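The values are calculated or read from the model by the stated rules, or taken from the named source; none is laboratory data. Just so it is clear, the model here is predicted, and its values are computed rather than measured. Positions of Cβ are generated from backbone atoms using ideal geometry, with glycine treated the same way; all protein chains shown enter the neighbour counts. Just so you know, the surface numbers come from the protein's heavy atoms only, side chains and all, with ligands and any DNA or RNA stripped out. Shrake-Rupley method; radii C 1.70, N 1.55, O 1.52, S 1.80 Å.
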Amino acid sequence: MNPLGCWMWLAAKEGIGILNKNRLLTAGLTPEKLYAMDRQQLAAQPAIKDKWLDLLSDKDLEPARAIARRCKHFGIQVLLQCDARYPALLRAIPDPPLVLYVRGRLPDFDHTCCIGVVGTRAATAYGLASTVEFARVFAQAGLTVVSGLAQGIDAAAAKNALMNGGQTIAVLAGGLDICFPRESWDLFEEIARAGALVSENPPGTPHQGYRFPQRNRLISGMSQGVLVVEAPAHSGALLTAERAQEQGRPVFALPGPIQTPASMGCNRLIQSGKARLVITPAEVLDALGQTAPQQSAQVSASQQPMQQRLEPAPSSAPQQPAQVSAPRQPVQQKPEPASVPQQPARPDPSTRRLEDFPGVQRRILQAVQAGAETAEEILEQTGMPATRVIGALTLLELDGALTRENGVLQLGF
């Protein structure tokens with residue numbers, strides 16, 4: 001049997017979570033072996049749960065063949081976890097994809113340092129200007145910038161890496177034959193030509209909301225470190241930072257004005273010690289053991305303090321990422337201390353109870369308490385819509401009520 005077909009066959013079994021699929025591989029049950037086993041042989045394997053028997057006994061390869069045909073039509077490569085070209089860093093995380101879909105050309109991961117750059121869609125001029133500068137220096141230093149394709153920080157990082165002759169990888173939540181968001185079509189095509197689009201989901205997969213938190217672990221998983229440029233208090237970028245920490249990757253964050261909601265997440269990451277404060281690209285390069293690009297005779301803007309270079313642009317004239325480059329003077333006016341909103345303190349974990357949480361969150365916590373370890377198992381136990389579960393999971397993780405260790409969800413109190 002063709003190994004590619006077997007791997008795609010197992011990868012398509014949505015009733016078995018990715019963490020459990022990797023546990024099967026660890027137990028020596030490769031897709032080829034699983035495909036060759038009949039139901040009786042499958043039932044005899046300690047690593048296989050009874051509820052998976054129907055799924056694994058279904059040997060229909062037509063869905064895998066349909067995916068392969070679609071990949072050929074759109075020029076999408078298929079990398080298996082056992083392939084030599086599969087990113088070694090990504091393979092080392094607890095829940096790497098069995099199959100990776102690639103459109104474009106991946107860098108040589110053995111000789112290239114990758115840096116994840118993430119942040120908010122609703123970026124300010126400060127965040128965009130910072131992204132332009134950091135992406136430029138990373139590209140000139142030979143780093144590959146890894147991000148999503150979302151408007152704002154992610155798109156600015158990818159675009160400016162390409163503009164400066166660098167490499168970039170955009171990790172998508174859905175299929176590589178669907179541009180999301182539609183406004184990023186030009187960048188989507190540019191990355192396909194000059195960089196690489198990557199997804200763990202086959203072509204034709206819609207970019208559903210619950211897939212984005214799953215996508216985030218791939219951004220950090222392919223990167224030696226992750227830079228959070230600008231992120232509000234509840235942001236998917238913070239989940240990428242959490243995944244990076246679990247995967248043993250350093251996290252860097254840019255500080256921002258305390259009055260700006262878009263910087264609250266970064267400031268909290270720094271305050272909690274979960275991220276290292278950086279104000280120049282050279283600090284990130286030094287931490288990753290990379291050499292900064294040679295400076296021109298003129299003093300580089302990156303050698304100046306961030307607050308002396310950037311200020312929010314007037315709302316009537318928003319700046320685009322590619323247009324933000326000139327240094328600016330600092331804002332002279334300072335708000336009164338009383339105008340700074342007070343942030344509520346996180347509740348003491350030892351005093352929290354399941355009854356303190358609203359309905360959907362409480363049902364998720366009860367499922368984890370009952371033994372659910374992944375989002376897929378929570379969906380199976382609760383029967384709730386995926387979008388509601390993933391949204392509530394995001395809030396619970398940001399709140400600390402749920403923690404994740406080696407890909408396994410646990411109660412945080």
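How far is the Cα center of region 139-203 from the Cα center of region 233-280, in Å?
22 Å
Using Cα pairs closer than 8 Å and at least 6 residues apart in sequence, work out the relative contact order for region 51-165, in percent.
20 percent
Just to check I understand the Karplus step: with θ = phi - 60° and J = 6.51 cos²θ - 1.76 cosθ + 1.60, what whole-Hz values come out for region 368-383, glycine and proline as x?
Rounded to whole hertz, the list is 5, 4, 7, x, 5, 10, 9, 4, 4, 6, 5, 4, 5, 6, 8, x.
List the pair-distance distribution P(r) of region 80-143, using every Cα-Cα distance, as the percent of pairs falling in each 10 Å bin from 0 up to the bin containing the longest distance, rounded to whole percents.
Per 10 Å bin, starting at 0, the Cα pair percentages come out as 16, 38, 31, 15, 1.
Carbon and sulfur atoms: what percent of the 1.4 Å accessible area of region 154-297 do they account for?
That share works out to 51 percent.
Explain nothing, just compute: Karplus ³J(HN,Hα) = 6.51 cos²θ - 1.76 cosθ + 1.60, θ = phi - 60°, for every residue of region 261-272 in order, whole Hz, x for Gly and Pro.
Using θ = phi - 60°, the values come out as x, 5, 9, 4, x, 4, 4, 5, 4, 5, 4, 7 Hz.
Compute from the Cα atoms of region 91-225 the Rg and the Dmax, the latter being the longest Cα-Cα distance, and quote both in angstrom.
Spelled out, the Cα radius of gyration and Dmax of region 91-225 are 13.6, 39 Å.
Could you provide, to the nearest whole Å², the per residue accessible area of region 104-250 with probe 1.4 Å?
Accessible area per residue: 31 Å².
Apply the a/c threshold of 1.5 to the C-alpha gyration tensor of region 1-44 and tell me whether it is rounded, prolate or oblate.
Rounded, since a/c falls under 1.5.
Measuring from label point to label point, each 7 Å out along Cα→Cβ, what is the D38 to E355 span in nm?
Each label point lies 7 Å from its Cα, and together they span 5.5 nm.
Roughly how compact is region 1-142, stated as its Cα Rg over 2.2 N^0.38 Å to two decimals?
1.34
Under a cut-off of 18 Å between alpha-carbon atoms, report the lysines in cross-link reach of K49, not counting same-chain residues fewer than 8 places apart.
K13, K21, K33, K59
So what is the relative contact order of region 65-128, in percent, for Cα pairs below 8 Å that sit 6 or more residues apart?
So the answer I get is 29 percent.
Please turn the phi angles of region 66-78 into ³J(HN,Hα) values with the Karplus equation 6.51 cos²θ - 1.76 cosθ + 1.60 (θ = phi - 60°), one per residue in order, whole Hz, x for glycine and proline.
After applying 6.51 cos²θ - 1.76 cosθ + 1.60, I find 5, 5, 4, 5, 5, 4, 4, 5, 9, x, 9, 7, 10 Hz.
Tell me the Rg and the Dmax, in Å, that the Cα atoms of region 187-292 produce.
For region 187-292, the Cα radius of gyration and maximum Cα-Cα distance read 15.1, 42 Å.
So how far apart, in nm, are the two label points at F74 and R193 if each is 7 Å from Cα heading toward Cβ?
So the two model labels end up 1.9 nm from each other.
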